[in-house]
1. Can you name the number of the only condition in (1) open to solvent by 40 Å² or more (accessible area, probe 1.4 Å); (2) touching a strand residue (DSSP E or B) at 6+ places or on another chain (Cβ under 9 Å) that A:H29 fails?
2. Any idea which of (1) open to solvent by 30 Å² or more (accessible area, probe 1.4 Å); (2) part of a strand (DSSP E or B) is the one A:S107 doesn't satisfy?
3. Within the stretch A:30-61, which residues are away from chain B (no Cβ under 12 Å) and either acidic (D, E) or more than 29 Å from B:Q6 (Cα to Cα) (or both)?
4. Look through A:A2, A:A82, A:A67, A:A20 and report the one residue that is surrounded by fewer than 13 Cβ atoms within 10 Å (Cβ to Cβ), more than 13 Å from chain B (Cβ to nearest Cβ) and either under 26 Å from B:L49 (Cβ atoms) or at pLDDT 95 or above (or both).
5. Show the residue pairs meeting these rules: Cβ distance below 7 Å; 6+ apart or different chains; first residue within the stretch A:85-111 and more than 9 Å from chain B (Cβ to nearest Cβ) and modelled with pLDDT of 95 or more; second residue open to solvent by 10 Å² or more (accessible area, probe 1.4 Å) and in a loop (DSSP other than H, G, I, E, B).
6. Cβ-Cβ distance below 6 Å, separation of 6 or more or different chains: which pairs start in the stretch B:32-52 with a residue that is within 9 Å of chain A (Cβ to nearest Cβ) and end on one that is assigned to a strand (DSSP E or B) and of a type in the set (K, R)?
7. With the requirement that a residue be of a type outside the set (A, V, I, L, M, F, W, C) and open to solvent by 10 Å² or more (accessible area, probe 1.4 Å), what does the stretch A:85-101 give you?
Amino acid sequence: EAGVAQSPRYKIIEKRQSVAFWCNPISGHATLYWYQQILGQGPKLLIQFQNNGVVDDSQLPKDRFSAERLKGVDSTLKIQPAKLEDSAVYLCASSRGGGPYGYTFGSGTRLTVV
Amino acid sequence: KQEVTQIPAALSVPEGENLVLNCSFTDSAIYNLQWFRQDPGKGLTSLLLIQSSQREQTSGRLNASLDKSSGRSTLYIAASQPGDSATYLCAAPLANTDKLIFGTGTRLQVFP
């Protein structure tokens, strides 16, 4: 099966600019996650979708971050305006039915805010 | 609250050695634990998924064990190769959720 697709692979922006990341999960995977991984740390969950509904967005900085999953398939994560501390790798993952089935991660988008 | 700790933080070994990476978690009420590999600048590749009913899982030269009662998991790599050089992350779910809690990883370097 095809993996989780993410784009772009790399992005460099100036602080206060906006940026958007795209994720296409594995076909048939109902659950989709966005994780943020700061250099030297483990990934941390930003938001979890079940189909096109939000299950958990408690760690999403909602004043600047937004995410949507239209039609329960593709998802976009947006940052506006970006701050220096947003520099990280943004990972998308999907799962067939949640935790018991394990997760498949995409290659990630490396964001550098200068 | 689930906390995941990995020891050691970094490891450098000569090719051919057998090695053990350690992962500990505070909430033992987990339904599974997953080990991932991450190459520099890349995403996460799933290595092994151990369900709570299992004690270990094997894939090639990799073997992962799970001891829920002690809150520990180990990843055993046999006959290490330079291609095994990467960061290895373990992740356990937060109780009653699908939210994965990751350790900070073990950075492994295998030199020829």
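The values are calculated or read from the model by the stated rules, or taken from the named source; none is laboratory data. Every value quoted in this text rests on a predicted model; they were computed, and no experiment measured them. Cβ placement follows ideal geometry from the backbone for every residue including glycine, while neighbour counts extend to all protein chains displayed. Note: areas computed on protein heavy atoms with side chains; ligands, DNA, RNA excluded. Shrake-Rupley method; radii C 1.70, N 1.55, O 1.52, S 1.80 Å.
1. (1) is the only condition that A:H29 fails.
2. (2)
3. Residues satisfying the conditions are A:N51, A:N52, A:G53, A:V54.
4. Selected residue: A:A2, the only one of A:A2, A:A82, A:A67, A:A20 that is surrounded by fewer than 13 Cβ atoms within 10 Å (Cβ to Cβ), more than 13 Å from chain B (Cβ to nearest Cβ) and either under 26 Å from B:L49 (Cβ atoms) or at pLDDT 95 or above (or both).
5. Close Cβ pairs (under 7 Å, with a partner that is open to solvent by 10 Å² or more (accessible area, probe 1.4 Å) and in a loop (DSSP other than H, G, I, E, B)) amount to A:A88/A:I38; A:T109/A:P8; A:T109/A:R9; A:L111/A:S87.
6. Matching pairs, first to second residue: B:T45/B:R37.
7. Of the stretch A:85-101, the ones of a type outside the set (A, V, I, L, M, F, W, C) are A:85-87, A:90, A:94-101.
Those that are of a type outside the set (A, V, I, L, M, F, W, C) and open to solvent by 10 Å² or more (accessible area, probe 1.4 Å): A:E85, A:S87, A:R96, A:G97, A:P100, A:Y101.
A quick yes/no check of all residues on (1) at pLDDT 95 or above; (2) open to solvent by 50 Å² or more (accessible area, probe 1.4 Å); (3) part of a strand (DSSP E or B):
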| residue | (1), (2), (3) |
| --- | --- |
| B:V13 | yes, no, yes |
| B:D27 | no, no, no |
| B:R37 | yes, no, yes |
| B:S53 | no, yes, no |
| B:S65 | yes, no, yes |
| B:N96 | no, yes, no |
| B:L108 | yes, no, yes |
